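Report on the structure given below.
Coordinate-derived values only; no laboratory data. Because the structure is predicted, anything quoted here is derived from the model rather than measured. As a convention, Cβ positions derive from the backbone with ideal geometry for all residues, glycine included, and neighbour counts pool all protein chains shown.
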Amino acid sequence: MTWIYWLGWTLFRSLYRGIFKLKVTGWEHLVREGPVLVVSNHESFIDPPLIGTLYQDDMYYLARKSLMTTPALKWIYKAWNSIPVDQDRPDMTGVKAIVKLLRSGNRVLIFPEGERTLDGNFGVAQPGTGLIVAKSNAVIQPIRIRGAREALPRGSGRIRFARVSLNIGPPIRFTEEELAAAKGKEGYQKIADRLMEAVAAL
């Protein structure tokens, strides 16, 4: 963990516990070692560092390129292990970067829905999530977020006081047979749907 990552981790951890009274359940399920693909519902901009505070070491995140508008912001996002993604012109660059990180033994957070919820309901999981699972064969760590939308809704720039909670679910491990059978967009979609169902069930 670099000093700038540690600084952000410490700041966000203190803020979330102080302002949002963060409650975490399911600690016994948290996978702390080895390559892990963390999947979660997406309620707010605060979600990535919120989940990042669960771990004592590095995690990698996806971040929109449109957020990196200045050299200083690019430097900060890079220091915070962000993987830039162009939502206007999606390609395989982000997927390849995630698979490479997982195969190298790292931890990566993704939101299968691909965007923050507008109304609190779950969106449709994107097949790219299933592709990442099939190509990396990483352990999946499902996590359910509640309250983050109330704390900072999509389209709002104002933080609100709200109780935020994280529910950590049992890890999911796909067999080699299951991954081999997942071919093409339909197969990847089935994996992605299964992961979102696991998150929704928490």
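For segment 1-94, the alpha-carbon coordinates run over 38, 26, 25 Å along the three principal axes, in decreasing order.
If you take the alpha carbon atoms of segment 55-202 and fit the smallest convex hull around them, that volume is 138 Å³ per residue. Between 0 and 90 degrees, the angle of helix 127-136 with respect to the longest Cα principal axis of the chain falls at about 70 degrees.
Relative contact order, whole percent, for the chain stands at 31, derived from Cα pairs under 8 Å and 6 or more residues apart. From most to least packed by mean Cβ count within 10 Å, the peptides 131-138, 151-158, 13-20 give 131-138, 13-20, 151-158. The orientation-averaged projection of the convex hull spanning the C-alpha atoms of segment 96-142 amounts to 3.5 square nanometres. Between residue 159 and residue 28, residue separation times 0.36 nm minus the direct Cα-Cα distance comes to 44.1 nm. Placing a label point 7 Å from the Cα of residue 172 along the Cα-to-Cβ line, the residues of segment 91-115 whose backbone N sits under 11 Å from it are 112. Here is how the number arises for the chain: DSSP H runs of 4 or more residues each give -39500 (n - 2.57), the sum is divided by the residue count, and the result at 222 nm is -11500 deg cm²/dmol. Ordering 36, 129, 76 by the projection of their Cα atoms onto the charge dipole of the chain, which places +1 on the Cβ of Lys and Arg and -1 on the Cβ of Asp and Glu, puts 76 at the extreme positive end.
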